[in-house]
């Protein structure tokens, strides 16, 4: 009797609050002779939901700094949107070594992940969104210029790929070119990168790529992140689509204070992005 009552109350709760439950699974996707690891979240009870592919930033992983992507995936699921967040080859739990990372290789990984969603055997997705954060935004813009997607969101993204990395890693460029690889200490993380990574920066052109994307475009930047603020302006200027939106989050920088005590700005980024995809993928 108690079981019947509990199930009845649960049904009423779902019916009147719009709560959905998600199926979450870890998936393996072949790419470049190795395997990408991703987390696929699909809301139950939603027939043919839209899906968002999430592309993480430089030296990060699929849940992103401060669980940014993990928390966004939960919010998307609440409004009936599925998501796939992946570790690029050499990052997180995916196969390969980070030292072999290249931006062009990450673009190939993104293409493979998108193809996986479009040809998924277990689920049928109705529309396809892509989100990129920082370097992941550069990858996402490049992807949107080549592949058919329905909505694009970019966090902290610039089109001046070489300029930004020279500002951050400038002293490592000549070492990598002279020695073939370089050990990098950023304080919060340490790693080795091969010369190929630095060479790949010269083969990616987000401002040009975005000219080939006609769909909806959202760009978000932190007020203190000048490169991304300029990037947001230029990305929208070069974007030929009619539906676009720019949001500058006041008082924060590149990661929107997601590791600080005040999570207000990062929660705002999540809400804006959730609302954006809810509007443009339905």
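The values are calculated or read from the model by the stated rules, or taken from the named source; none is laboratory data. What you see is a predicted model, and the numbers here were worked out from it, not measured in a lab. Methodologically, a virtual Cβ is constructed for each residue, glycine included, from the backbone with ideal geometry; neighbour enumeration extends over all protein chains shown.
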> Do we find a residue being farther than 30 Å from residue 179 by Cβ and either at pLDDT 95 or above or surrounded by 15 or more Cβ atoms within 10 Å (Cβ to Cβ) (or both) anywhere in the stretch 192-207?
Replying inline: yes
>> Checking residue 60 against (1) under 30 Å from residue 181 (Cα atoms); (2) free of Cβ contacts under 8 Å to residues at least 60 places away in the same chain, only one condition comes out false. Which one?
In response: (2)
>> Restricting to the stretch 127-167, count the residues that are assigned to a helix (DSSP H, G or I) and either closer than 29 Å to residue 47 by Cα or in contact (Cβ under 8 Å) with a residue 12 or more places away in the chain (or both).
In response: 18
> So how many residues does the stretch 232-257 have that are in a helix (DSSP H, G or I) and touching a strand residue (DSSP E or B) at 6+ places or on another chain (Cβ under 9 Å)?
Replying inline: 4
> Restricting the search to the stretch 240-255, which residues are touching a residue at least 60 places away in the same chain (Cβ under 8 Å) and buried (at least 20 other Cβ atoms within 10 Å of the Cβ)?
Replying inline: 255
>> Criterion first (without any contact (Cβ under 8 Å) to a residue 60 or more places away in the chain and touching a strand residue (DSSP E or B) at 6+ places or on another chain (Cβ under 9 Å)) does residue 195 satisfy it?
In response: yes
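Yes/no matrix, rows are residues, columns are (1) assigned to a helix (DSSP H, G or I); (2) over 18 Å from residue 151 (Cβ atoms):
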site: 193; (1), (2): no, yes
site: 198; (1), (2): yes, yes
site: 202; (1), (2): yes, yes
site: 218; (1), (2): no, no
site: 230; (1), (2): yes, yes
site: 272; (1), (2): yes, no
site: 279; (1), (2): yes, no
> Tally time: how many residues in the stretch 168-191 are farther than 17 Å from residue 102 by Cβ and assigned to a strand (DSSP E or B)?
Replying inline: 3
>> Looking at 31, 83 in this structure, which one is surrounded by 18 or more Cβ atoms within 10 Å (Cβ to Cβ), more than 17 Å from the chain's Cα centre (by Cα) and under 30 Å from residue 228 (Cα atoms)?
In response: 31
>> For a quick check of your reading: which strands (runs of 3 or more DSSP E) sit entirely within the stretch 28-126 and have at least 2 residues that are closer than 16 Å to residue 149 by Cβ?
In response: 51-55, 82-87
